[in-house]
Amino acid sequence: ESSVDIACAEGTGDAGIEDGYTEGNKVKIRTCTIPGAPSSGSDSVDGKLVMNSRVSQVVSDMVKAAKADGVSTAVTSGFRSMATQQCLYDGGCGSNGTAAEPGTSNHQMGIAMDVDGAFNAWLRKNGEKFGYKWFGPGDDVHFSPNGR
């Protein structure tokens, strides 16, 4: 569903309206920057993680909890535009060959994130407390509410 009318969580930044995609259908979504979550993804804003406003509160809470546990929050990808997803799917943009077909990725709805390092281990242990599941072997950096 569209999240255009859902405000970004308090303490996060409004990154504007983007085209999201789910099951091949375009949906307008509000995107938010998450403070304390540096992202190297090509669709980051000023080096910050960008996520859907629907999950901005829970992702912000996860980042704060990880930091309280002394864990660095390295994120490689959050929200992805169609162009970025297509590039990854085609094997470019630093792809590891596991990108979902464009129009079907939870990244394109801004609800999935790929993480590195200690944050990955922390999310495997604690993510489900926040409603985030690990995708599992085959894509061991990917977390989303539905694990896909």
Inset, instruction - Identify the residue in region 128-139 that is surrounded by 15 or more Cβ atoms within 10 Å (Cβ to Cβ), closer than 28 Å to residue 86 by Cα and out of contact with any His (no Cβ under 6 Å at 6 or more places or on another chain) and, among all such residues, is modelled with the lowest pLDDT. - result: 139
Inset, instruction - Determine, yes or no, whether residue 142 is out of contact with any Lys or Arg (no Cβ under 7 Å at 6 or more places or on another chain) and either open to solvent by less than 20 Å² (accessible area, probe 1.4 Å) or among the hydrophobic types (A, V, I, L, M, F, W, C) (or both). - result: yes
Legend entry - Which listed residue is small (Gly, Ala, Ser), open to solvent by less than 60 Å² (accessible area, probe 1.4 Å) and over 19 Å from residue 39 (Cβ atoms), from 103, 110: 103
Legend entry - Check on residue 56, among the polar types (S, T, N, Q) and not in a loop (DSSP other than H, G, I, E, B): yes
Inset, instruction - Among residues belonging to region 73-94 that are in contact with a Cys (Cβ under 8 Å, 6 or more places away or on another chain) and part of a helix (DSSP H, G or I), point out the one that is farthest from residue 59 (Cα to Cα). - result: 87
Inset, instruction - Pull up region 20-38, narrow it to residues that are open to solvent by 30 Å² or more (accessible area, probe 1.4 Å) and among the polar types (S, T, N, Q), then point me to the one that is farthest from residue 79 (Cα to Cα). - result: 25
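Could you count how many residues in region 1-31 are over 21 Å from residue 101 (Cα atoms), in a strand (DSSP E or B) and of a type in the set (S, T, N, Q)?
Of the residues in region 1-31, 1 are over 21 Å from residue 101 (Cα atoms), in a strand (DSSP E or B) and of a type in the set (S, T, N, Q).
Quick one: in region 39-76, which of the residues that are aliphatic (A, V, I, L, M) and open to solvent by 20 Å² or more (accessible area, probe 1.4 Å) is farthest from residue 8 (Cα to Cα)?
71
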Legend entry - Failed item in (1) at pLDDT 95 or above; (2) over 18 Å from residue 130 (Cα atoms); (3) open to solvent by less than 60 Å² (accessible area, probe 1.4 Å), with residue 17 passing the rest: (3)
Legend entry - Matching option when the condition is part of a loop (DSSP other than H, G, I, E, B) and closer than 25 Å to residue 5 by Cα, among 111, 34: 111
Legend entry - Tally, over region 93-148, of residues that are out of contact with any helix residue (DSSP H, G or I) (no Cβ under 7 Å at 6 or more places or on another chain) and hydroxyl-bearing (Ser, Thr, Tyr): 2
Legend entry - Any hit, region 86-98, residues being among the polar types (S, T, N, Q), crowded, with 18+ Cβ neighbours inside 10 Å and in contact with a Phe, Trp or Tyr (Cβ under 8 Å, 6 or more places away or on another chain): no
Legend entry - For residue 79: the one exception among (1) over 28 Å from residue 7 (Cβ atoms); (2) surrounded by 23 or more Cβ atoms within 10 Å (Cβ to Cβ): (1)
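The values are calculated or read from the model by the stated rules, or taken from the named source; none is laboratory data. Just so it is clear, the model here is predicted, and its values are computed rather than measured. Every residue, glycine as well, gets a Cβ built from its backbone with ideal geometry; the counts of neighbours run over all protein chains shown. Protein only, heavy atoms only, side chains kept; ligands, DNA and RNA dropped before computing areas. Shrake-Rupley method; radii C 1.70, N 1.55, O 1.52, S 1.80 Å.
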